[in-house]
Amino acid sequence: MKKRVIKTASILGILAVVGITYFYIYKLLGFGIPCVFYTVTGLKCPGCGVTRMCSALLMLDFKAAFEANRCLFILMPAFLYYAVRSVYMYIKFGKINYNKAENAVLVSIIIILILFAVYRNIVGI
């Protein structure tokens with residue numbers, strides 16, 4: 001278990017450094033990673049606006065975060081739950097297993113994201 005704690009802490013530390021570095025590059029240079037799906041098709045994917053949303057959240061600008069990607073902003077508590085639960089399960093048991101209810105919620109989230117992508121391209125948000 002101690003090995004898994006160290007491995008998890010290392011990975012989360014690296015992700016934090018990469019995320020903070022990306023945030024500062026984005027804020028200072030205005031350069032973000034372009035969405036490949038949008039570049040190729042001209043349509044917005046469910047994740048378009050995540051960089052702006054995360055940047056706004058780090059600045060505590062919740063209105064701008066909501067405007068950047070409404071669906072992911074609303075689903076953020078679910079994503080945080082699954083992230084924390086996954087880390088806990090990996091550290092404690094060495095594997096990640098969800099129960100039927102959690103799997104049903106994950107499938108629902110995927111369906112919501114697909115419907116959001118279709119909606120945002122029809123309505124233009």
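The values are calculated or read from the model by the stated rules, or taken from the named source; none is laboratory data. Nothing here was measured: the structure is a model prediction, and the numbers come from that model. Cβ atoms come from the backbone with ideal geometry, glycine included; neighbour counts cover every protein chain shown.
Computed quantities for the displayed model
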read-out: Residue within the range 70-93 that is over 30 Å from TYR24 (Cα atoms), modelled with pLDDT under 95 and among the hydroxyl-bearing types (Ser, Thr, Tyr) present; value: yes
read-out: Flag if THR8 is within 29 Å of GLY94 (Cβ to Cβ), of a type outside the set (Lys, Arg), modelled with pLDDT of 90 or more and touching a Phe, Trp or Tyr at 6+ places or on another chain (Cβ under 8 Å); value: yes
